[in-house]
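Structure record follows, encoded as structure tokens.
The values are calculated or read from the model by the stated rules, or taken from the named source; none is laboratory data. What you see is a predicted model, and the numbers here were worked out from it, not measured in a lab. Please note: Cβ atoms are built from the backbone with ideal geometry, for glycine as well, and neighbour counts cover all protein chains shown. Protein only, heavy atoms only, side chains kept; ligands, DNA and RNA dropped before computing areas. Shrake-Rupley method; radii C 1.70, N 1.55, O 1.52, S 1.80 Å.
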Amino acid sequence: MLLRHGQTPMSVQKRYAGRSDPPLTEAGVQQAAAAAKRLASAGFGVIVTSPLLRTVQTAQAVAAVTGAAVVTDDGFRETDFGAWEGLTFAEVRERWPAELSAWLADPEIAPPGGESFTDVSVRVIAALDRVLAARAGQTVLVVSHVTPIKTLVAAALLAPPAALYRMHLDVAALCEIDWYADGPAVLRSFNDTSHLS
């Protein structure tokens, strides 16, 4: 199971939030609690979370209901957006129009001083491999961010890197992927927010 963290001040303002470490808003805390209630009987062997505060807070809400242990893995942190960190899309387009166009066209292009989606993919897939090796046969919750979750969905579907640009993921949304021991994966759900209604 993959859970995006709840709402933060930066997600409300639609700002690039990679290495920034804002806490959940009050609405975000309520979203995390709603996700926790939804996942109460999932039987997680462990909850693996990005080390950033917004994901740790979300993971702890689920742990409080499920009793599962929480461990952090830096591989599941969000993209480093470099010079664009904390800015809106419009602000980036105004200051770096050519760089933004290149970034939107090619997953190997990084924001100035930041990390490309290709680099993020290498990091996230390595983290996935660690989880699969350590937790074979278990149900695991990974609490993460937009880019890592979309990266895992693309990997499960054998989709090209450009597929990341074609997915939308809401705050506190759930996705479910079955990873099989002999290699293939099946996407069971994507961007499920029914627990928030």
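Panel values: the range 111-197, Kirkwood radius from alpha carbon pairs, Stokes-Einstein at 25 °C and 0.890 mPa s, translational diffusion coefficient 177 µm²/s.
Over the range 1-41, what is the mean sequence separation of C-alpha contacts under 8 Å (at least six apart), divided by residue count, expressed as relative contact order in percent?
Working: 28 pairs, mean separation 17.8, N = 41.
Relative contact order of the range 1-41: 43 percent.
Keeping all protein chains in place, calculate the accessible area per residue for the range 1-160 (probe 1.4 angstrom), answer in Å².
44 Å²
On C-alpha positions alone, give me the angle between the axis of helix 117-134 and the longest principal axis of the chain, in degrees, nearest 10. Relative to the chain, helix 117-134 is tipped by roughly 10 degrees.
Diffusion coefficient (Stokes-Einstein, Kirkwood radius over C-alpha pairs, 25 °C, 0.890 mPa s) for the chain: 145 µm²/s, rounded to a whole number. One decimal place: the segment ALA27-ARG95 gains 21.3 nm when fully extended, by the rule 0.36 nm per residue minus the C-alpha distance. Each residue, HIS168 and VAL122, gets one label point 7 Å from its Cα in the Cβ direction; the gap between the two is 3.3 nm.
Packing-wise, with mean Cβ within 10 Å as the measure, how do 6-12, 128-134, 109-115 rank, highest first? Don't skip to the answer; put the middle values down first.
On the way: 6-12: 20.3, 128-134: 14.7, 109-115: 17.6.
Top of the packing list down: 6-12, 109-115, 128-134.
In this simple spin-label approximation, GLU108 and THR88 carry label points 7 Å from Cα along the Cα→Cβ vector, and these lie 3.4 nm apart.
The angle between the Cα long axis of helix 53-66 and the main principal axis of the chain comes to about 10°, on a 0 to 90 degree scale. All Cα-Cα separations within the range 96-147 were binned at 10 Å from zero, giving a P(r) of 22, 39, 23, 14, 3, each value a whole percent of the pairs. Site pair GLN138 and VAL65 shows an inter-label distance of 2.0 nm when each label is modelled 7 Å from Cα along Cα→Cβ.
Show that you can apply the helix-only estimate: for the chain, add -39,500 (n - 2.57) for every DSSP H stretch of four or more residues, divide by all residues, and state [θ] at 222 nm to the nearest 500. Intermediate values should be presented prior to the final figure.
Working: 7 runs with 77 residues, N = 197.
Counting only the DSSP helices, I get -12000 deg cm²/dmol.
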